[in-house]
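Undergrad: Let me begin by handing over the structure; questions about it come next.
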Amino acid sequence: MNFISNINFKNIAYLFSCAIFFIFTSCEEDLTKPKGGNEKNFPSQIIHNAKIIQRDSGFITLKATAPIIEKYELIDSPYTVAKKGMKIEFFDKKNPKKPGNITAKYAKMYDYKKFYEARGDVKILTSDGQRFATQSVFWDQKKNRIYTRDTVYATMEDGSTLVHANGMTAKDDFSEYKFFNNSGDLDVSKAKMAQPRP
């Protein structure tokens with residue numbers, strides 16, 4: 001009688017340990033199978049010594065060059081990033097032979113939104129010869145606006161330099177712009193001053 005109960009107990013213990021083994025092995029992750037999460041935030045293209053040209057009705061509006069560009073196209077909001085710096089030349093139909101340019105240590109472009117950001121020693125040269133230096137710039141190409149909240153150092157054609165402590169906003173062709181909290185060195189003899197009406 002004791003012998004039969006010992007066998008039953010051993011059988012139950014054996015079955016129980018087998019059940020635990022199958023539970024644990026069925027919960028293990030099979031690393032050879034692709035995950036169901038569909039991770040897509042990786043570069044679909046990597047371009048070395050990249051050159052990008054953007055046209056509008058045949059007219060070149062933008063040229064960009066970078067040592068390396070990564071394009072992220074498999075996500076809902078595709079973007080292009082230049083982690084090792086970029087130079088962008090922008091062209092105005094009124095003066096196509098003298099483009100302005102933006103250089104930066106890092107740039108990111110959102111393809112559908114036509115929104116650009118540049119960071120790290122950002123330098124802007126307008127087609128009129130004005131120079132701006134700051135740490136970050138955002139360009140909304142659809143709204144034709146450039147803006148930043150960082151300090152902007154502006155050097156005009158006459159050599160005068162102004163410091164704008166709280167950034168600026170401007171049309172992307174720099175035909176008009178607005179600075180915040182200005183200070184600096186202005187050569188009044190060369191500046192064009194508004195004359196009072198007689």
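The values are calculated or read from the model by the stated rules, or taken from the named source; none is laboratory data. In this text, all values refer to a predicted model and were calculated from it rather than measured experimentally. Here Cβ is always computed from backbone atoms with ideal geometry, including for glycine, and neighbour counts include all displayed protein chains. Quick note on the areas: whole protein, heavy atoms, side chains included, nothing else; ligands and nucleic acids left out. Shrake-Rupley method; radii C 1.70, N 1.55, O 1.52, S 1.80 Å.
Undergrad: With the structure loaded, tell me whether SER127 is more than 19 Å from the chain's Cα centre (by Cα) and closer than 23 Å to TYR177 by Cα or whether it fails that test. Outline the logic, then answer.
TA: Details: more than 19 Å from the chain's Cα centre (by Cα): yes; closer than 23 Å to TYR177 by Cα: yes.
When the stated conditions are applied, SER127 passes them.
Undergrad: Restricting the search to the range 109-122, which residues are in a strand (DSSP E or B), of a type in the set (Asp, Glu) and under 23 Å from PRO43 (Cα atoms)?
TA: Our first condition is that a residue be in a strand (DSSP E or B); within the range 109-122, this holds for 109-110, 115-122.
This time we only want the ones that are of a type in the set (Asp, Glu), so: 117, 121.
Answer for the range 109-122, where residues must be in a strand (DSSP E or B), of a type in the set (Asp, Glu) and under 23 Å from PRO43 (Cα atoms): just GLU117.
Undergrad: Further, regarding this structure: Only one residue in LYS51, LYS71, LYS97, LYS87 is under 16 Å from the mean Cα position of the chain (by Cα), farther than 17 Å from TRP139 by Cβ and not polar (S, T, N, Q), so which one is that?
TA: Details: LYS51 fails: under 16 Å from the mean Cα position of the chain (by Cα); LYS97 fails: under 16 Å from the mean Cα position of the chain (by Cα); LYS87 fails: farther than 17 Å from TRP139 by Cβ.
Step by step, each of LYS51, LYS71, LYS97, LYS87 is checked, and only LYS71 is under 16 Å from the mean Cα position of the chain (by Cα), farther than 17 Å from TRP139 by Cβ and not polar (S, T, N, Q).
Undergrad: Does THR126 satisfy the criteria of being surrounded by 15 or more Cβ atoms within 10 Å (Cβ to Cβ) and modelled with pLDDT of 90 or more?
TA: No; evaluated as a whole, the condition is false for this residue.
Undergrad: Still on this structure, please answer the following. Can you tell me how many residues in the range 87-113 are more than 21 Å from ARG149 (Cβ to Cβ) and either free of Cβ contacts under 8 Å to residues at least 40 places away in the same chain or surrounded by fewer than 16 Cβ atoms within 10 Å (Cβ to Cβ) (or both)?
TA: Looking only at the range 87-113, we keep the residues that are more than 21 Å from ARG149 (Cβ to Cβ), and these are 87, 89-101, 111-112.
In the following step, the residues that additionally are either free of Cβ contacts under 8 Å to residues at least 40 places away in the same chain or surrounded by fewer than 16 Cβ atoms within 10 Å (Cβ to Cβ) (or both) were identified as 87, 89, 91, 93-99, 101, 111-112.
Result for the range 87-113: 13.
Undergrad: Could you tell me whether TYR79 is open to solvent by less than 40 Å² (accessible area, probe 1.4 Å), of a type in the set (Phe, Trp, Tyr) and more than 18 Å from ASP173 (Cα to Cα)? Spell out the reasoning first.
TA: On the way: open to solvent by less than 40 Å² (accessible area, probe 1.4 Å): yes; of a type in the set (Phe, Trp, Tyr): yes; more than 18 Å from ASP173 (Cα to Cα): yes.
Considered against the rule, which asks whether it is open to solvent by less than 40 Å² (accessible area, probe 1.4 Å), of a type in the set (Phe, Trp, Tyr) and more than 18 Å from ASP173 (Cα to Cα), TYR79 comes out as yes.
Undergrad: A further question follows. Could you go through the range 91-99 and let me know if any residue there is in contact with a Pro (Cβ under 8 Å, 6 or more places away or on another chain) and among the hydrophobic types (A, V, I, L, M, F, W, C).
TA: Restricting attention to the range 91-99, the residues satisfying the condition of being in contact with a Pro (Cβ under 8 Å, 6 or more places away or on another chain) are 91-92.
Next, only the ones that are among the hydrophobic types (A, V, I, L, M, F, W, C) stay: 91.
For the range 91-99, residues in contact with a Pro (Cβ under 8 Å, 6 or more places away or on another chain) and among the hydrophobic types (A, V, I, L, M, F, W, C): present.
Undergrad: Another question, if that's okay. Would you point out the residue of the range 123-176, among those that are in a loop (DSSP other than H, G, I, E, B) and hydroxyl-bearing (Ser, Thr, Tyr), that is farthest from LYS87 (Cα to Cα)? Full working, then the answer.
TA: Keep residues of the range 123-176 that are in a loop (DSSP other than H, G, I, E, B), which gives 126-130, 141-144, 149-151, 156-160, 165-167, 172-176.
Within this subset, residues satisfying the condition of being hydroxyl-bearing (Ser, Thr, Tyr) are 126-127, 151, 160, 175.
On the way: THR126: 13, SER127: 15, THR151: 21, SER160: 25, SER175: 21 Å.
Out of the qualifying residues, it is SER160.
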